[in-house]
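A short worksheet on the structure shown next.
The values are calculated or read from the model by the stated rules, or taken from the named source; none is laboratory data. Small disclaimer: the values here were computed from a predicted structure and weren't measured. Every residue, glycine among them, receives a Cβ derived from its backbone with ideal geometry; neighbour counts consider all protein chains shown.
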Amino acid sequence: MSASTPNPTPLRSGPARALKGEIRVPGDKSISHRALMLGALCVGETRITGLLEGEDVLATAAAVRAMGAEAEKLPDDEPDGAGKSTGGRWRVVGCGVGGLAEPENVIDMGNAGTGVRLMMGVVAGHDMTVTFTGDASLCRRPMGRVTGPLKRMGAKFTGRDGDLLPMTVRGAAEPLPIEYELPVASAQVKSAVLLAGLNAPGVTTVVEPQPTRDHTENMLRHFGAEVLVRETEDGGRRVSLVGRPELVARDVVVPADISSAAFPIVAALIVPGSEVTLKDVGLNPLRAGLLTTLAEMGAEIETINAREEAGEPVADLKVSASRLKGVTVPPERAPSMIDEYPILAVAAAVADGETRMDGLEELRVKESDRLSAVATGLAACGVTVEEGDDYLVVAGSGGAAPKGGGTVTVDLDHRIAMAFLVLGMASETPVTIDDGDAMATSFPGFADLMNGLGADIRPG
């Protein structure tokens, strides 16, 4: 059964003129969540610049406030050190490792899957009881992969059948350090275990079969924790954290989110005559699988002004319309681009030849069943597509405009919504999504920003 917001806002995206301009997409969602949580576990005041002010991250901010930390937005017109006005400025005053307090009420995490799973890790390392809930989509998403290792550390969980929210977490009075081997690569599970391990004595270790995004490790080091990463013989990683550090507040600059940048990147590639520059994009190599794949497809993307901010590589990207060709995306690349497959499928729909994507079982348990949603939406827009249990095959149009014309059910999934709005920009006839409000979780203002470049997105 599909879900939508209480008053859904259908949107229609029609054929766009050449997209032109320079933009900065919102701050990285993964880094924003972690900056708030680790700021709450620090001693002192953390200043964050570029925080994503989408609904998911705001839910995390509300959660840490409910547990005793200060987390507040600073005025957007407050100048930085160079006298420039910057948005997304926040201050967080932490309680120290193990210092958070039991909240008075249930914590509603909205649609924030990353937020709730990482917060479960935080709570698991504290002697307190917290109940988490969320919207209809989040309450369908299984939590068992996170609760399993956290139980080994001493936490207790009571949820609905199937390890579903609402769920009550009883944190451990004396959390235990563990060594945990991930059955499948998951940055969320790894991060939850490491966050719980902060308040455990000794060393907590996570062994991952394939490297996943390492924002948690980078930020833990940024705040003063000791984290050791070693490569395993089979190409995975051992990530070890020394418990009970004193985390010290430090400023954080959040780069633009590569997962959000993916949508205007692909739009610029597939709308003829386009040239768009995206500023300050985070290019963590464990998140850059989409860029690798697009390069293999023949995309013209130039990296400019490469630099490092708070341990994360950042650059500007100049994207020009390109003739793309179909490729086979190997399953081992999935962890580095798991959120980008919906928009990659859109790029594949206009490519020369067939694109095959393997290792996509994780897409079944995202905000929606993304694998099915992508396949159903593409078919409704005249694209030939084959969906398997863990793969997707998309037949490209050879550079011609796809038929379009379909109405796509987004099921509260922001990435499905944005992917099909991009498809509409390059289609013969407009594509409609049944609810545009879902985009507020990660990319508020998406439609306005794209329209400013030359798109034609309007109420449907």
Practice task
Go over the candidates 185, 172, 136 one by one and state the one that is crowded, with 17+ Cβ neighbours inside 10 Å, modelled with pLDDT under 95 and in a loop (DSSP other than H, G, I, E, B).
Solution key: 185
Exercise for the section: Provide a single number: the residues in the range 330-381 that are of a type in the set (A, V, I, L, M, F, W, C), assigned to a loop (DSSP other than H, G, I, E, B) and touching a Ser or Thr at 6+ places or on another chain (Cβ under 6 Å). Expected result: 1
Completion exercise
When restricted to 321, 310, the only residue at positive phi and either in contact with a Gly (Cβ under 6 Å, 6 or more places away or on another chain) or of a type outside the set (Phe, Trp, Tyr) (or both) is 310
Exercise for the section: Report yes if residue 307 is outside any strand (DSSP E or B) and either surrounded by fewer than 23 Cβ atoms within 10 Å (Cβ to Cβ) or in contact with a Phe, Trp or Tyr (Cβ under 8 Å, 6 or more places away or on another chain) (or both), otherwise no. Expected result: no
Handout entry: Selection within the range 188-217 - part of a loop (DSSP other than H, G, I, E, B) and among the aliphatic types (A, V, I, L, M)
Key = 198, 200
Problem - Total residues in the range 231-265, condition in contact with a strand residue (DSSP E or B) (Cβ under 9 Å, 6 or more places away or on another chain), of a type in the set (A, V, I, L, M, F, W, C) and not in a loop (DSSP other than H, G, I, E, B) - result: 10
Handout entry: Residue within the range 166-188 that is in contact with a Leu (Cβ under 6 Å, 6 or more places away or on another chain) and in contact (Cβ under 8 Å) with a residue 24 or more places away in the chain present
Key = no
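For the range 139-169, name all the residues that are of a type in the set (A, V, I, L, M, F, W, C) and assigned to a loop (DSSP other than H, G, I, E, B).
Step one: list which residues in the range 139-169 are of a type in the set (A, V, I, L, M, F, W, C), which gives 139, 143, 146, 150, 153, 155, 157, 164-165, 167, 169.
143, 153, 155, listed by residue number.
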Exercise for the section: Sort out which residues of the range 114-133 are buried (at least 24 other Cβ atoms within 10 Å of the Cβ) and assigned to a helix (DSSP H, G or I), and write them in order of number. Expected result: 115, 116, 117, 118, 119, 120, 121, 122, 123, 124
